[in-house]
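Written out below as structure tokens is the structure these notes cover.
The values are calculated or read from the model by the stated rules, or taken from the named source; none is laboratory data. From a predicted model like this one, the values you see are computed outputs, not experimental measurements. Counting neighbours? That spans all protein chains shown, and the Cβs are built from the backbone with ideal geometry, glycine included. To get the accessible areas, we keep the full protein, side chains included, count just its heavy atoms, and leave off ligands, DNA and RNA. Shrake-Rupley method; radii C 1.70, N 1.55, O 1.52, S 1.80 Å.
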Amino acid sequence: MIQHAPWFEESRFGMFVHWGLYALPARHEWVMNREETTVEEYSKYFRRFDPDLYDPNEWARAARKAGMKYVVLTTKHHDGFCLWDSALTDYKATNTPAGRDLIAPYVQALRDEGLKVGFYHSLIDWHHPDFTIDGVHPQRNATDVESVNAGRDMARYREYLHGQVRELLSNYGTIDYLFFDFSYDEDEHAGFWGAKGAKDWDSETLLAMVRELQPGLVVNDRLGIPGDFVTPEQYQPAGPMMVDGAPVSWEACQTLNGSWGYDRDNLNYKSVDLLIRMLVDGVSKGGNLLLNVGPTGRGSIDPRALASLEGIGEWMQLHSRSIYGAGTSQFTAPPDTRYTQRGDRLYVHLFAWPFEYVHLPDLAGKVEYAQLLNDASEVFLQEGDPGQQAINITPGGQPAGTLTIKLPVQRPDVAVPVLELFLKPGDFND
């Protein structure tokens, strides 16, 4: 549990927003890297960045209606472009046709909707003249890398990096969350030559400054030193996440379609029921879900993404109490289910709808009452004789300690049905 910011684990669900110049080419946020584009070639997007439909109030409303409790926006991605009016560079939104600071209205919109404010900030900067070319850089295959790097100074870049983080954490009031991205030192990323990590960012000093400026915010683990939580990306952990044998707070970063930035032709969208199962699966293992959207070059959320958020919101409207403030359970869920637990309430998420009965091990005698969460309709509890033989229309007995719940034949018309079990006093962890 993150002691100084309990909201993080209590909320369980947030929205990631990747937005910047890469929304214009609309073919992945790493387009500059993938296509080995020079700063000069990439500048055509800078000259044409005009998000006339940008309305962060709509973003915030979409997040809130989806059941999200916080939003995290890319203030600067790896291409180095800044969405705010930084005093340290000309490569910023105020110098594009957008002509304004795009972070200030975002912060206000989240506060108006009662959401926590999060910033993403790239440690990498492919635009900055002192950031040395390495194996991740778009110009990694250029013929003059050695001579170009000879004139670059990472110490000057570190000063710039720290200065920009100071601006972001000083000029917008209380910030709740900071996502740094990313370290790739040689110990963990041997495939990248010229790899960079905590020493290159002076991460200890940077984190100390962050703590001084915003004592209450949570910081992720991508500075190359421990943070407040760990960040599995594009996979679902098999169980609660551990560091050195101890459980840690974690947050799975997931996309709707495999791309973070707006990617017009990427049609590999996950279904709403899969996204909900991913959320439930993470909460059952003590984690959060940070689900990404990539707004278009005009600043609006793609209709396909909006449809996904709306579908999740419909489910959350009926089932959010199985998510907010919930976490792992001391009980073991049977196959095709996930348990989340909040105090004396155990939530059984049925990933598959069984015929008539679901059998829950080790819960016999421990449940006072049970209902379907979507409509609060009662379901019946049964504790059979473990020795009962299966005869004609009589089912065989279940192992001792099994609680059987009789379900209606008709599956509720929701993406993932949930049973809410009220545990008897003394049979749950406070």
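Odds and ends about this structure:
- Answer residue from segment 384-430, given it is among the acidic types (Asp, Glu) and open to solvent by 70 Å² or more (accessible area, probe 1.4 Å) and is farthest from ASP336 (Cα to Cα) among those: ASP430
- Test result for ALA63, touching a Phe, Trp or Tyr at 6+ places or on another chain (Cβ under 9 Å), among the hydrophobic types (A, V, I, L, M, F, W, C) and within 21 Å of PHE179 (Cβ to Cβ): yes
- Filter result (hydrophobic (A, V, I, L, M, F, W, C) and either part of a loop (DSSP other than H, G, I, E, B) or open to solvent by 30 Å² or more (accessible area, probe 1.4 Å) (or both)) within segment 333-359: ALA333, PHE351, ALA352, TRP353, PHE355
The rows are residues; the columns are (1) open to solvent by 30 Å² or more (accessible area, probe 1.4 Å); (2) assigned to a strand (DSSP E or B); (3) at positive phi; (4) free of Cβ contacts under 8 Å to residues at least 12 places away in the same chain.
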site: ASP185; (1), (2), (3), (4): yes, no, no, no
site: GLU188; (1), (2), (3), (4): yes, no, no, yes
site: PHE192; (1), (2), (3), (4): yes, no, no, no
site: ALA195; (1), (2), (3), (4): no, no, no, no
site: LEU207; (1), (2), (3), (4): no, no, no, no
site: VAL210; (1), (2), (3), (4): no, no, no, no
site: PRO215; (1), (2), (3), (4): yes, no, no, no
site: ARG222; (1), (2), (3), (4): yes, no, no, no
site: ILE225; (1), (2), (3), (4): no, no, no, no
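- Segment 372-391 residues that are within 20 Å of SER322 (Cβ to Cβ), paired with ones that are open to solvent by 70 Å² or more (accessible area, probe 1.4 Å) (beta carbon under 6 Å, 6 or more apart): ASN374/LEU318
- Extreme residue, nearest to GLU36 (Cα to Cα), among residues of segment 52-97 that are of a type outside the set (D, E, K, R), part of a helix (DSSP H, G or I) and open to solvent by 40 Å² or more (accessible area, probe 1.4 Å): ASN95
- Out of LEU178, LEU169, one residue alone is in contact (Cβ under 8 Å) with a residue 12 or more places away in the chain, in a strand (DSSP E or B), of a type in the set (A, V, I, L, M) and buried (at least 18 other Cβ atoms within 10 Å of the Cβ). It is LEU178.
- Screening segment 253-293 for residues that are of a type in the set (Ser, Thr, Tyr) and either in contact (Cβ under 8 Å) with a residue 24 or more places away in the chain or within 21 Å of ALA60 (Cβ to Cβ) (or both) and picking the one that is most open to solvent (accessible area, probe 1.4 Å) gives TYR269.
- If you go through segment 231-252 and pick out every residue that is farther than 20 Å from ARG338 by Cα and open to solvent by less than 30 Å² (accessible area, probe 1.4 Å), you end up with 1.
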